[in-house]
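First the structure, in the form of structure tokens, and then the observations on it.
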Amino acid sequence: MAQVRWTSQALADLESIGDFMARDAPSFAQVFTDRVFEAVKRLEAFPQSGRVVPEFNQDDLREIIFGSYRIVYLVSEEDVNILTVFHSSRLLKPSDLVSDS
């Protein structure tokens, strides 16, 4: 079973998205944030379940599509590191993949 870890960048991304949503619908923002955390829990048992990030085509760099957002993560032998959360209308750039290591 993999250990899911959130980078500070991914947590900051999620917080920014929640803050943006909260301007119009505070209760929806909280529900959205909670559901993102729930969606990521499956990676503990199934770390390869997300699709390969098309911009990079690396087997260990994957993503979960959640509504209009992409949750990008890096799979290692024992860990799943959530790297970033961002709107799916954007393309992922190497500079978006900051790790806390």
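Readers should treat all values here as calculations from the given coordinates under stated rules, not as data from a laboratory. Owing to the predicted nature of the structure, the values given are computational and were not obtained by experimental measurement. Cβ placement follows ideal geometry from the backbone for every residue including glycine, while neighbour counts extend to all protein chains displayed.
To the nearest 10 degrees, how steep is helix 26-41 against the longest Cα principal axis of the chain, on a 0 to 90 scale? Between the helix axis and the principal axis of the chain, the angle is about 10 degrees. Extension gain for residue 48-residue 1 works out to 15.7 nm (0.36 nm per residue, less the C-alpha to C-alpha distance). Taking 18 Å as the cut-off, the amide N atoms of segment 1-38 that come nearer than this to a point 7 Å along the Cα-to-beta-carbon line of residue 89 belong to 14, 16-25. Going from the residue with the fewest nearby Cβ atoms within 10 Å to the one with the most, 91, 43 rank 91, 43.
Rounded to the nearest 500, the 222 nm mean residue ellipticity of the chain from helices alone is -10000 deg cm²/dmol, with -39,500 (n - 2.57) taken per DSSP H run of at least 4 residues.
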